[in-house]
Amino acid sequence: KKIVDLKNETYLIGHSIGCQTILRYLETKNEKVEGVVLIAPWMHLNEKTIEEEGEEIKEIAKPWIETPINFKKVKSNVKSQIVCMFSDNDCYVPLSEAELFKKELNAKIIIEHNKGHFDKVNNITENKTAISEILKIKEN
């Protein structure tokens with residue numbers, strides 16, 4: 001879907017590769033959003049993904065991996081805060097990715113226990129932490 005006419009209280013929430021979509025969207029705009037929550041933000045291919053998806057995934061993912069993101073521009077388009085949520089047992093997004101988001105975006109990092117990739121496979125059908133973080137951003 002296309003995001004149009006950002007208004008004053010716009011919050012963006014993404015999951016997995018959708019997080020990178022949000023980052024790439026924000027780096028191209030001159031409009032600000034209030035806050036962003038990124039859940040299991042996928043940035044790199046790992047062996048588990050290649051094993052499940054096959055070698056052809058490398059070619060598909062190549063533009064996502066090799067095209068740099070202008071984190072400074074992303075950060076300048078977020079008025080309040082960026083929150084990144086990770087799980088300590090995500091087989092697609094390692095906890096080491098948290099450092100990237102802390103360094104480049106000064107993101108608030110939340111590490112949850114046993115949430116996997118925050119998906120139905122891991123019995124996650126709602127995310128109260130993400131909602132809570134949006135409400136905290138809104139209050140500030």
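Any read-out appearing in this document is the output of simple, stated calculations on the displayed coordinates, not a laboratory observation. This structure is a prediction, so every number in the text was calculated from the model and none was measured. Cβ: placed from backbone, ideal geometry, glycine included. Neighbour counts: every protein chain shown.
Extension gain, E66 to L135, is 21.4 nm, computed as 0.36 nm per intervening residue step minus the present C-alpha separation. Relative to a virtual label point 7 Å from the Cα of E56 in the Cα→beta-carbon direction, which members of the stretch 62-102 show backbone nitrogen distances below 20 Å? Inside the label zone: 62-65. Here the dipole of the chain is about 840 debye; that uses its Cα centre as origin and unit charges on the Cβ of Lys and Arg (positive) and Asp and Glu (negative). Computed from phi, the 3J(HN,Hα) profile of the stretch 104-119 under the Karplus parametrisation 6.51, -1.76, 1.60 (θ = phi - 60°) reads 7, 10, 6, 6, 6, 9, 10, 10, 9, 9, 6, 9, x, 9, 6, 9 Hz, with x in place of Gly and Pro.
Overall, the stretch 68-140 carries a charge dipole of about 460 debye about its Cα centre when +1 sits on the Cβ of Lys and Arg and -1 on the Cβ of Asp and Glu, all other atoms neutral. Taking the structure as given and computing Cα Rg over 2.2 N^0.38 Å, which label from (1) 0.98; (2) 1.04; (3) 1.56 fits? Correct label, based on the coordinates given: (2). Ranking T67, G54, H44 by how far each Cα lies toward the positive end of the dipole of the stretch 22-69 (charges on Cβ) leaves T67 at the top. Taking amide H atoms as placed 1.01 Å from N in the peptide plane, the amide H of I124 lies under 5 Å from those of D119, each 5 or more residues away in sequence or on another chain. Once the Cα atoms are used to define both axes, helix 56-66 deviates from the longest principal axis of the chain by about 30 degrees. Give me the net charge for the shell around S76: Cβ to Cβ below 13 angstrom, other residues only, Lys and Arg +1, Asp and Glu -1. Within the 13 Å Cβ shell, the charges total +3. Projecting the Cα atoms of Y92, H117, S76 onto the dipole axis of the stretch 57-140, where Lys and Arg carry +1 and Asp and Glu carry -1 at the beta carbon, places S76 farthest toward the positive end.
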